[in-house]
Structure formats: C-alpha cells, structure tokens
1. Scan the range B:269-278 for residues that are buried (at least 17 other Cβ atoms within 10 Å of the Cβ) and either modelled with pLDDT under 75 or of a type outside the set (Val, Ile, Thr) (or both) and jot them down.
2. Residue by residue through the range C:334-358, note down the ones that are buried (at least 22 other Cβ atoms within 10 Å of the Cβ) and assigned to a loop (DSSP other than H, G, I, E, B).
3. Restricting to the range D:85-96, give me the number of residues that are facing chain B (nearest Cβ under 7 Å) and not aliphatic (A, V, I, L, M).
4. (1) closer than 17 Å to residue C:256 by Cβ; (2) away from chain B (no Cβ under 14 Å): which one isn't true of residue C:203, the others all being true?
5. Can you confirm whether residue B:167 is touching a Gly at 6+ places or on another chain (Cβ under 9 Å) and either within 20 Å of residue B:200 (Cβ to Cβ) or in a strand (DSSP E or B) (or both)?
6. I'd like the full set of residues that are open to solvent by 60 Å² or more (accessible area, probe 1.4 Å) and under 27 Å from residue B:40 (Cβ atoms), limited to the range B:143-169.
7. For residue A:221, state whether it is within 23 Å of residue C:136 (Cα to Cα) and in a helix (DSSP H, G or I).
Amino acid sequence: MTATWKNPISAFDPEKPVEEVVTNDYLSPQSQWDAVRAYNVPTYEVGRLRYYHKWGGHGARLWSRLRYWPTRRRVLDISGEYNAKTLRRQKTIEDKRPIWWVLALLALAIVPFFIPENQQNALLTAGAVFGIYAAINLCWMLIIGTAGIYSLATYAVVGAAAYGTAYLSIHLGLPWWAMPLIGSIIGLVFGVIIAIPATRLEGFYYALLTLGLVELCRVYVLQSREFGSATGGLFGADSYIPQAWPQHDQLMLGYYAGLALMILALFLFRFVNGKRLGRVLRMAPEKREAFAEATGVNYRAARIQVFLISSLALGFIGGFYSTHFRGAAPNLFSFDTMLLSLSMLVIGGLGRSEGAVLGTLIVVFIDRVLVDWGPMRFVLIGTLMLLVVLFLRGGLFGIKEQFRAWRDKKKSENRSSRAEKGGEMLPEEATETPNKDIIYFRRFDKMQRDFLKKLITPELIEEHRKRPLGQHSEALERVLTYFRRQPLNDKYAITVIEPFKSYRIVALSGSRGVAPRLVEDKTYGTPDEAYHALFMRRVQDLLES
Amino acid sequence: MNWGFVIANAITLACIYGTLAIGLSITWSSLGLINMAYGFIFALSGYGAWLAAQHVSANGFIVMAAGILTGAAGGLLVCALAFIPIHDKPNFTVRGMIATLAVSLVGNQALLWYFGPRAKSLPQLFGASQTSIFGVVMTADKIGAVVSSVVLLSAVLLWMRSSRRGLEIRAMMMNPHAASIVGIGVRRTGFYVMALTGGLAGLASVLLSQTYYVGPFSGITPMVKGLSVALCGGLGSVFGAVIAAALLGINEAMTSVVFGGQYVLITQFALIILILLIRPRGIAGILDKAREA
Amino acid sequence: MTHRFSRRHVVGGLAAGAVAMPFVSRRSARAADPILIGLPTAQTAQAGVADHADYLNGATLAMEEINAAGGVLGREIQFVVVDLDPLSPESCQIAISKLVDTKVHAIGCAFTLVPIPTADASSKYKCPFLWGVTQRNYTEEVAKDPEKYGHCFQTDPSEVHYGYTFPTFLKDMKDQGVWKPLNNGVHIVQEQIAYNQTISKALQAALPNSEFTLAKVTDIQYPVQDWGPVIQDIKATGAGAVMIDHWVAAEYAAFVKQYQADPLKGALVYLQYGPSQPEFLELSGAAAEGFVWSTVLGVYADEKGKAFREKYQKRFPGIMGLCYTGNAYDTVYFLKNAWEAVGDPSKFKEVCNWIRVNSYRGVCGFMDMNNKYQECAHFPDNGYDVTAKELEKGMGQLFFQVQDVQHKIIYPDPLKEVALRPAPWWT
Amino acid sequence: MEKKEVLNVKGLSAGYGPMRVIHDLDLIVYSGERVGLVGLNGHGKSTLFLGIAGLTGWQRGSIKLNGVEVGRTRSQGPGRYTHQVVHHGLALIPQGDEIFTGLTVEEHLDSGAFTPRAWRERAERKERVLRIFPPLKKLMKTAVGRLSGGERRMVSIGRGLMAEASLFLVDEPSLGLAPKIGKGVLDALMSVELGQSAMIIAEQNVALLEGRVDRVIGMHVGKLKGEASASLTFQTRVMT
C-alpha cells in the first residue's frame, strides 16, 4: 500500500505535524456496479433473440397481394413497419424458407450444365434416381410423419403400380403418358386394401403386417410367370424417353422428368401437410388421440385420407418408374430398398419435406455415385445413420431446433439453480413480495456490501485501531457510514459499566422497552478499545454475510 | 399324408423358430428395444464359433462356448452403441430400432469384408448318426437342435418365471419408472439382458449352423423369421412367442406337404396377417391377464 | 459499392471454375493413356459376391500377365472397378454409366440378374461388353435387336442348355453302362427364380424327344428351411433321376446331408450349378459323395486348364473357383487379341466386329460368338440352337461327380477325367 | 437408543427444466423418527421425495443417506441413479400407482425386496406386510392390474415396506382413497415398527397426522417453513 492519507484537519493546527496514515488505494464504487452488470453466465450470441434482417422501403402491402395460385397463401410472409428510431419504413421477411426452397430447386435445375463431362452419365442417372426416390420418400413421409401410420408398404404400392403398368404397356400397348395415370388407380386400389387393417392395428404390429405384405408381393412377383419370373423383372414397357435420342439428351430428359416428379410431390406434401388434414393430425399426436377425439377431431378419417392420397401419389410414381426404367424389377420389394429408404428419411429428419429431400440426396449420392468405393459406402451410410439417431432428435434439419432447445434448457437450469441472481431474493420470493422497493433495496445492499468487503484491509483496521473516532480516510469513512446506517434491531452498541474503566458490547433489541442483550463476556478498559472491538465485530459480520 | 412326418417336421420348425424369436422377445420386453442387429449378432457369433473350431478345437463344447461368448460380446456391443446412449431420450423405440439397423448394416459389411463372401460350416456338434422315429428319419444334429432348443426354451421360461433376475426383467418391461424405484438399474439390466440375448443368439447360431451356414448375411433370414414370430406372439410376451413359433411351425409343415414348398412364405405371412387382424396385439393379447394401466 | 463488386467477382470466378473443370480433368485422363477395362463387381450385395470376386481375380491375373509382357499395343491395361447390386436395375445402370463416364474401352462382367437394363445403359456407348450372364432370355433380345445390342457378347452358352443336355447325359450314362436307372422318370425340383425356371422349362421341352419321361415337378422356394418334405417327395415319386434345380451352394450342402441320411435308393441325383462354388465341398464334406452336378462354363482339366489352375493358385492361394476365374481370364485375353488385330481400342465398332467374327480358345474352351444370339456355342450337341458338333468348336458343359471329396469331370467324354461311379446310396 | 442421522439434506435445489421447485433446502431426519411433511399442492413435497431418490430433472446440493453421499450435482436423466440410492437404503412409496400391472401381488411384493438381504428374508418380510395389510392375503396370486384403487395402494405401500430400508418416503398415502380407507392405510403406516430406520410421510390432510408423528414440518414454495410437534395450532400458523 503506497497510498497515504493526510488528515485535512491538520491544517488548522500548524504546530503539530501533518497526520499521515497509510491507507487503501482508491477503489471506485463504480467498479462493483460494473462487475455486477457484467454477465457471467456463458451465453451464446446466436439466437438469443431471433435475428431478422430489416430491409429498407415499404413492400408489405405489395407482397401480401401476391398469392400462390390457387391458394390464398402469400408468396412471402413480409411484414412492414415504421422504425421508431429512424422514422423510416422497413420490412422483415418472417419466413425465409420459400427463398431457400427456390434457391435449392434452382440449383438442382441448373446443376446438369456444370457437371464435368467425365461424370455426366453417372451423375445424371443418379439424379433421375434421386428425383424418383425423393418423390417416393415425400409420400412416405406423409404417411409416417403426418398421418403417423408406420407403414412399410410404400414400396409395395410403388412396385404394384410399376408392375401393373409395365404389364399393361407390354401386353396392351399402353402409351407412356397413360402409365402414371393408370398407376395411380392401381395405387389407390392398393391403398384401400392396405388401409383397412390400419384402422385396427397400431405401431409395430402394423409395420410387421405391411412388411408381410411387401414380402408377399416380392414372393408373388418372383414366382409369377406373367410378371416376369423368367427375366428377373418385367421389361420392355413404353418409355417417355425417345430411344433415338443421343444418350446425353436422354439422360437430361430423365433427370428433369425426375426433378419435375419431385416438385409435384413437394406440392402434394405442402397441400396435405400444411393444410387442413395436416393440422387436424397435428392436433392428434401419438398417444394423445383420445384427447383429440374428445375435442371433436376425427383423426381416424384424416389419417385414412392422408394414406389414400399418398397411395394415389405413390401409384403415380410407380407408373412413372416403369416408364422411366422401361419396366420393373423385384428388388423394388426387397428389404434392402426399404432399409435404404428408411435411412434417407431418418438422416434428413422425420416429418419434414426438406428432410426427405436432403436425406435422399445424401444417401443416393453415397450409394449411387460413389460406386467405386465398394463396401465403404454402406459403412458410411450406416455410420451416418447411427450418428444421426444417437445425437439428433429430428435428423439433420432438426439440428437448429435441438441446439436451441438444449441451449435454452441449460440456460434456464443455470439461471434457476443459481441462488444469487439479482441479490438476496429468490425469484419466487420476489414475486410474492408486494413492495418491490424491498427487492431493489436488497439488491443494492448486496452490491454495496460486496464493494465494502474489498475495502477491508489490515491498513484500514490499523487506522481504526489507532483512532476510532474523528476524521478518517475515505475508505474507512465509507465502511463506517455503512455500519452506522444499519437498522436498529440487532445493532451493536457499547454500554458503560463503569465510566472510563469498564465497557461492554451489547446488541440492541430494536423494539421499544426490550433491553439490549449482551453479546460477549469481555470487558474493555477504554472507550477506544470498546469502539474498536465493536468495529471488528461488525467487520466480521460484513465479511461473513 | 404321413402324419408322423408332418408332426416331426412341425416340431423341428417350431423349435427353430422359438429359439430364434426368444432373444428378440426378451429384448423387447425388458428394454423396449427392437433389436434389428440380431441377425448381425447371429452371424458374428457363427464366425466366433468357426474361428474357435479352426484355431482352438473342434470339440462341440468349445465351439458352442465360443459361439455363446461371441454372441454375448456382440450383444454388449449393440447395447453400448444403440441402447445406453439413447434409452432415456425421446422417441427411443424408433430411434433404437434404427440405431440397431445401422449397426447391422455396418456390421454385416464388416463381416463380408473381413471373412469374405463364402459360407463357412461348423463341425457337427452331435455327430453324424441318424435314427428313425415313427418311420421318420431324423439326423443327429436335428434331434440335437430340437432337444437343446426345448431345454433352452423351458429353461428360459422357468428362469423368467421364478428367478430374481427374471422378475427384474419382467418388472422393467411393465413399468421402467417404478422399476427404478424398487432398485432396478436400467443400464445395468440393459447390459446383462443384451449379453444374455446375444448369448442366446450365439447358441441358436451354433445349433442351427447345419441349416443356416455361417455367412455374412446368414443372420438376415433368421432375424426376419424371429421378428415375425416375436411380433405375432405379441411383443414382449415370451410365452406368446413360444405359441406363435408352434403355430408357424405347424403351418409351414402342413403347407409344404399339402401345397408345396413354394407357398410356405405366402401362407406364413398370410397367417401372420390373419392373426394380427384377429388379435391386433398378437397372440399374447389373449393371454394378457391385466388391463391397460 | 465495393460489396457489390466483390460479389460479382466471386460469382464470375465460380462460373469460370465450373467451365474450366471438364478441360482439366480431360487432359489429366489423356496423360495416363492406359487401356481401360470396366469391371462392374458386386462387393456389397447379398447375392453374387463370391462369383464376382472370382471374376475380378481371374481378370487381374490376365491383366498382370499382359502388362508384364509389355501390354497391348504398347499400352498398359487398367481396370475400373465399380460396385453394383446384381438384383437392382437402378444400381446396374448407374454402375455402367459410371464406366461410360470414365471412357472405358471395354466392359467385362460376371453377370447381373437384370441383364436387359444393364445392357440398355451401355447401348449408346457401344464399347465391347463381354459377360458371362448365361441367360437365353437376354440373348433373345440381342438376336431381336442387333442394332442396339450388337456390342454385347455372352461369353458362355445360355442356361437352357442345362435342360437340353440333361437327357443326353442320362442316355450316355445309361448306354455306357455305368448307371442302371430304376426307371426312365425324371423328377424336377425347381426353385422360383428366372434362371431355374428357364432350365426347368428347357428340360421339360427336351424330355419328350428322349427316352426319358417327366415324373414330377416339385416347387421349392429359397430359403429352404428344411429339405425333409422334398426328400419325402423324392422318395414317394421314386424317379430314376432327380434334378435339384436350385442355385444356393449352402442350401445344396444342407440338402446333400439330409439326403445322405435318408436317400431314395438307386436314384441319380443331379444338382444345378451351385456346387461349383468352393464352399459347397467345405460345407458338406463327405456327405457330398456321389452327387452329380454340371456347369456350362468351367475351367477344363486339360493341359491348358491345368496350367491356368496352377498360375491362379500361386497368385491367389486358397480354394479356387472353377467358373468365372477362367472366364474372366479368357475374356481379357480375347479382348487383347481383338485390340491387337484392330490396332485402336477406341474403335469400338471394329473391335466388336472382330470379336464377333473371330474366336478364341481359352482355358474354359472354345469361344465362338458368331451367331445371332452372340453367345458361345455349347458342346455336346443336343440338337438345339447354338451347339457345336465337336469339342473344339464350342464350350464344353462339364459334368462333375463328387468322388472322394473332390470334383471329377465325368462327362462329356473327350474331357472326362474318370467315369461315373456308383453313389453310396445306390447299393 | 442412540439417535443417528438417517438423512441429511444440505442446500438441495431441484426442479424440472426451467422450473425450480425446491430452493436451497436443509433437512435432517434421525433414526426412529416418524416425520410428517405438510404443505399445499405444488409446494414441493413430492419433488423433495423425488429429489432424494434422484428422479427430478435436475438437482444441486448434498444428500447424505446413512452418511453416504447420494446427491448428484448435475442435470441427469431422471432415474438414472435411482437404483443406487435404493441400494443405499431408500424405500420410496410414490404418489399414485407406480405398479407393475402384469405381476401378481406376490411377485410384486418380492420386487420390493431387491437388496440381497431383503431377498433372503423375503418370506418373513411378506409375513410382516400381510400382518399389516390382511386383505392382501387372499389376493396373493391375482395380477395387480385387476385390483381396486385401495388394494393397489396397499400393494404399493407393502412393496415399499418389503425393502430393507433405513428411510421410508411415503408420498400422499391417502390421496384418491375414500376417507375411511385412507385412514386405514395411515393407521397401517403408523403401526410399522421403525427400529433404526426413519419414515417421512407427506400428507395434505394434516388432521390425519395429528398427534401420531414425532414432528411435523411445513413446506411452502419449495422451502421448509418451521416445524413443530404435531398439533393443529401448527396448521393454522403455517397455512395462513
């Protein structure tokens, strides 16, 4: 301690030397305020509030007039307002997903022009497969995610439609454009048959039943001579791809047709999942069906409707499949196909269309494009699946949500398990205190005590010991002022046993008529000694608080 | 029709199916996990037994012990990978199923890569003799498999009924929350249930090695069969699984005699669909004494 | 303003990169300059992995020999191996597309079970495509549309010959006196996949032209849990010859074990192609004694074949597959001859024409694909399409019998090592 | 008889996610004591019990059971360590029916005795439980799922009493039962001989506890609010 305090009163008595005392360095009370205000809990900048970029200019009304035909839905959900500070108009895009979708689909649309030539065949073929699988997975997602029916018969519907239309095309000369249409009729019929047990069974039992159905289809197709048991599949159907075209053009056409199919499926997903049916079903989540039913939601009918609609669509895709590949093969019904498809849904995230598309993209890319990797592909897919399932609740597209939920949980746990946020009061106690001034007073008091604790040093105590009364250094003066300001109950005082000879320390009771109580046995010979002992007692209390 | 033959055949098949289904059923009943990696454990333990037969000794007991131990190790692996990290997380049933699927996907490819595609055979455990029972010729390994699976099934049933661990497993299947209150640790029970069912899979793999040879994908068919039987019996009911195994065995024996072998799969799945349509919760739905809690 | 400028810069750079990429990769491809053979090989599927591995090994042996001897036209041969699932048309198409992308000069493959989509994927590229697919349904398509499939060659006879030749084989055995049949009935036990169905149909078509008659057809379905009912059926039918028309080696092994335990006394039991897979003997052991099987594609046991077996054993120790190893070896040498004759591997049309017109005698026999099916001629002559009258004009279908836990060729006569001998259950 | 600390809770805070139900709570229970825990709905009685058993969403602070630290100071999967706490001598008889519907009453009682010594002595323990709840004698082979509410409650408490525990936590034994049956259940609890162990009974109906427990502790917004010997004056003081 280098700081010394010179008693200013010494100036009045020039005969004596200037009184000097070693004391603390100056410590600003502001430092404590800053320390309290500094946020100590680890927080994350991202998303404490959802961040919206604000664009200048008006536009809300303009944008709200534009609708997606034939829906009443706005093209972009834009809200406009006046900025209260700058007094300028600004607008916010509330939901940016349409933009991402458009960008992603645009990227898919132009990507064939940027494929290096030595990859073209493989990537375009895989691209068409991707489109078809993504469409199938979107419809499956409607069944599993929206309707909550654990059906594994998706590929049975697709396969039945594919086989049916291929058969009709080969034997009756069905043109290619009629195949998806006939396919959707076959799909609907199949859907009705499969939907009947769905009203009765639930969960894994239904899954097993549909698995059985798929197996039945596979066995039937393998054995049936009409359905090409002799050729390992039924081939030779009419195709929308003109056979005379050069290979590159054929592949391009196939790719864009697959992409168009996927976009159709996306629209279907949007119209079923985002509209009335989807909302009805979201009101009746798993295990809450009874409650939903009690509120008048006919979730059974809604489920069956969704199931039938997606069966229709799957039939359409089946028809498309057979005109694309010019036939159908039994591996449509195989366990592996289903397993791979399931991994696509899981990796992307169950219940969302973007999950189905991204999952399909990833798995089709690994499985179909990296064919020269051999067995590593499946190890990669398996590892990806395992990691996603172990760590992610909603697939890759659930990461953001899950991270936010985790962060909020941790934050709130920390906040609620910390005793001292805001000072002396617990949040629950604070809410029950009618006089809010008390809360603020306690908070201030705590802060002040924390600051004073830092001022207590041996020098300060030594200063007080030397001269308990009179002018003191700034630090000691602050401490003493705080002590003197304390309320009367349990406040320490000095009682004179015998003047100039014997003093003791007592504590005031705080209520009128009740005598102070003794706090210790010790007696002190001089008032200064007693003053200092009392000071020490208070310091001790301060440090303990 | 040769009735003795049909009956003998039905018994054989029922025993095989029961042995396959019981591990799956116990796993589901106690841990709530549909173990799709069962086929992988089956194949893995087959390879374990094969390695033992190649490098240690072709003695039946050693081969069997190696199979059981490898199976138990496989069960522990699946438990550590697919059960412990997520058993108390939301959506466990679906996630657990997919995690085990992933384990089996990777595991099967690893087996294919390490051991090659060619099937291996284990030494005959029960010798090569044969006997004729009621005019039906039975080979020693078939009789051995039947006898050991009957012994095994009754031992497991008895153990589940009367022992303390069995009680723990049954308690955990009914109410995991209450189970933890009476002092059953879910993770510890998980480990030993998976080791046990893995061991059962290993035993089944060794016993059935004369039917399903040891190969990287040899576990898939047994798993699908076992799963069908376990589900058909009612998930979680060991007794139901045994009955379902018997029913499916009779069905298969009858079908192959009356209609012909190519219709076995069709009648089998038709029967399962029929049973599930009548009893939506499997055969155990009939046996279930308690009401829904 | 700077912000906008930089963004434009970035977009421009991206576009330039995308345009430049094809040129870069093309140049690097030309620098290496080997002759590329595409080998679609099943490595992860549940079916066909063993055969495909054999094929890859055989091809590798040939490639190493040729490269060590200076290559073809002074250029090295290199392989491009891609994975495929022989059962899935999508997977096969993508595998072929991948090979087309890498601009291979020829494609060699063991087989896929969906041959038509596979061939379709290569139909615009038209590099020589040689494979041992063994399917008449497919070669019929080739015959129908030579314009489209003119580049596809089947390096072995079609599977129908299994059926067509069976009565001939039985008659010869009977005539030679090594087999005294119980009766003239033939009992077919058939599996349901395309391959088995076709064989069964062919046999049923061939039987009326012979002295043998169809006793019964029993259907089975993979996976066969228990052969008991089938054996029961065989005994009840009591036919002189039994054809087990199946394809899985492991299940054959289960069958022979159960059959040995409870046989139909005196019947000749013939197993389809499956026992050619090395695991058959390993799995069944002594129980396989006396069973007969055959393959239309196999490494001969003559001098050439024996030399090949030795070389192969040295390079790939362990148990050797006897079908697709030799086939791949022959295919690569056949391609080498074609390229050397034409002079430029990238002239696909000329190379294909050369392969069609010319022939090659390899370790698996004589490859002559100059017929409308573009498949190898079959020996012995059974009166049906594309057969050769003499051994050195076609590929011999090899009939084996398991004798002392070894496969021994018993038929056709020019190739036989030993004679058929009585199976343990005949006495 | 020497009094030792069976349970010593220091600075326990517990809650579920963002909700904090118990604040910085201290509690000591001695052997041989029967303690009543009273308080209104939602003031943390059950959460205190669940916290001791390690079944809350998160918790901080120290819990010593027979001198062994069993508190966890990080957020955890609820129930992940409960079985260890149980093996250190805790018997929790939870609110509502936490029962195994498919087991028979006998198996159910057995399931309460999973510690090795209790398992060995389970026959005598069953005897003892049957003395306390004679109606169960006839139902021994019945599945618990078929019993009535009162019988289930008896089974649930009986299961708790089977354990070789030094601390019994009984949560709302009379909840949802007809008053007469509820009183009977409480009578049965009072008749249990504690010996070296202790028992805490949480109850909203203070009248039922009056004069029958050694002391009563009140609970108010997650904190203990004073204690007294059981008397109605206490109730008036706490509840106003």
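The values are calculated or read from the model by the stated rules, or taken from the named source; none is laboratory data. Quick caveat: nothing in here was measured; it's all calculated off a predicted structure. Ideal geometry is used to build each Cβ from the backbone, glycine not excepted, and the neighbour counts take in all protein chains shown. The accessibility values were calculated without ligands, DNA or RNA, using every heavy atom of the protein model including side chains. Shrake-Rupley method; radii C 1.70, N 1.55, O 1.52, S 1.80 Å.
1. B:269, B:271, B:276
2. Answer for the range C:334-358, where residues must be buried (at least 22 other Cβ atoms within 10 Å of the Cβ) and assigned to a loop (DSSP other than H, G, I, E, B): just C:345.
3. Going through the range D:85-96 one residue at a time, the tally reaches 2.
4. (1)
5. So residue B:167 does not fit the description; no.
6. B:150, B:151, B:159, B:165
7. yes
The rows are residues; the columns are (1) within 14 Å of chain B (Cβ to nearest Cβ); (2) part of a helix (DSSP H, G or I); (3) touching a strand residue (DSSP E or B) at 6+ places or on another chain (Cβ under 8 Å).
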{"position": "C:158", "(1), (2), (3)": "no, no, yes"}
{"position": "C:165", "(1), (2), (3)": "no, yes, yes"}
{"position": "C:169", "(1), (2), (3)": "no, yes, yes"}
{"position": "C:181", "(1), (2), (3)": "no, no, yes"}
{"position": "C:195", "(1), (2), (3)": "no, yes, no"}
{"position": "C:199", "(1), (2), (3)": "no, yes, yes"}
{"position": "C:215", "(1), (2), (3)": "no, no, yes"}
{"position": "C:235", "(1), (2), (3)": "yes, yes, no"}
{"position": "C:264", "(1), (2), (3)": "yes, no, yes"}
